[in-house]
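The block underneath contains the structure these notes are about, expressed in structure tokens.
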Amino acid sequence: NVCKMICDECDEVDIVIANAGISSAHKAELYDFCDFKNIIDTNLLGIAAMFDIFALKMRMQGGGKLVAISSLASFVAFPTTAAYSASKRAVNSFLDSMRLLLAPQNIKVINIQPGFIKTPLTDKNGFKMPFLMELDDAVDKIVKAIDKNKKEFAFPFLFAFAAKNISRFPVSIRDKIVKVALRYEKHDNKRT
């Protein structure tokens, strides 16, 4: 195991950033279970596996930072993102638990919740992505959030504000907003 090897070879591990994430194509169809499982295994269990090893190391050394990348998709699920949104919502809950559990050992747990960032993962999306950010700009924001020990950092601000507030609406209103967004997405795709 690479994580264990790093812990064995390094006197201290100051920071770990769990950034691996996968998604499947956005399709308005019932998910494929194998794809669903792969997404959960990578996006959630991958983080849990890393934190399991590095949290122990950080406890022994008296502190450190564990950072994971969630997503604004964790707040509002679309029918085309069942597995991805579920995995990221589970990441949020996992990180909340870990933050409280590890705080007494001086271990900071930081949850980064970005919107759309221009990467090979989003290049596959066949729709207009609101507030799409360049990778370098997103990295700068993430680094600043980690330096400031933010417990959660959701960005870009307007997109995060909308996603978090929509998630608080009653289900009937949330469903209507998602349906309108899907109609807009289909209409926008026909124009391009």
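The values are calculated or read from the model by the stated rules, or taken from the named source; none is laboratory data. Owing to the predicted nature of the structure, the values given are computational and were not obtained by experimental measurement. Reconstructed Cβ throughout: ideal geometry from the backbone, glycine too, with neighbour counts over all protein chains shown. Side chains included, ligands, DNA and RNA excluded: accessible areas come from the protein's heavy atoms. Shrake-Rupley method; radii C 1.70, N 1.55, O 1.52, S 1.80 Å.
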Checklist entry - How do ASP147, ASP96, ASP140 rank by accessible surface area computed with a 1.4 Å probe, from largest to smallest? => result ASP147, ASP140, ASP96
Checklist entry - Which of LYS37/LYS124; LYS150/LYS179; LYS37/LYS150; LYS128/LYS164 have a Cα-Cα distance over 27 Å? => result LYS150/LYS179; LYS37/LYS150
Item to check | Accessible area (Å², per residue) of the chain, counting only protein heavy atoms and a probe of 1.4 Å | outcome: 60 Å²
Checklist entry - Of all accessible surface on the chain at a 1.4 Å probe, what whole percent is carbon and sulfur? => result 60 percent
Checklist entry - If contacts are Cα pairs under 8 angstrom and at least 6 residues apart, what is the relative contact order of region 94-192 in percent? => result 30 percent
Checklist outcome for this item: Nearest 10, in degrees from 0 to 90: the angle of helix 46-61 to the longest Cα principal axis of the chain is 30 degrees
Next on the checklist: Under 18 Å from a point placed 7 Å out from the Cα of VAL180 along the Cα-to-Cβ direction: which residues of region 125-162 have their backbone N that close?
Outcome noted: 130-131, 158-162
Checklist entry - Could you give P(r) for region 1-107, binned at 5 Å from zero, as whole percent values over all Cα-Cα pairs? => result 2, 13, 21, 20, 15, 12, 8, 5, 2, 0
Checklist entry - Whole-Hz Karplus ³J(HN,Hα) for region 127-144, in order, using 6.51 cos²θ - 1.76 cosθ + 1.60 and θ = phi - 60°, x for Gly and Pro? => result 9, 6, 9, x, 6, 4, 9, 6, 4, 4, 5, 5, 4, 4, 5, 5, 4, 5
Checklist entry - Using 1/(1 + (r/R0)^6) with R0 = 30 angstrom and r between the beta carbons of PHE127 and GLU152, what's the FRET efficiency to the nearest 0.05? => result 0.70
Checklist entry - Let a ≥ b ≥ c be the square roots of the eigenvalues of the Cα gyration tensor of region 79-125; is it rounded (a/c under 1.5), or, if not, prolate (a/b larger than b/c) or oblate? => result oblate
Next on the checklist: I need to check one value: relative contact order of the chain, counting alpha carbon pairs closer than 8 Å and at least 6 residues apart, in percent.
Outcome noted: 21 percent
Item to check | Cα gyration tensor category, rounded, prolate or oblate, for the chain with a/c compared to 1.5 | outcome: prolate
Checklist entry - How much length, in nm to one decimal, is gained on full extension between ILE166 and ARG59, taken as 0.36 nm per residue of separation minus their Cα-Cα distance? => result 34.8 nm
Checklist entry - In sequence order, what are the phi-derived ³J(HN,Hα) couplings for region 112-126 according to the Karplus relation 6.51 cos²θ - 1.76 cosθ + 1.60 with θ = phi - 60°, rounded to whole Hz, with x for glycine and proline? => result 9, 10, x, x, 7, 10, 5, 9, x, 5, 7, 4, 6, 5, x
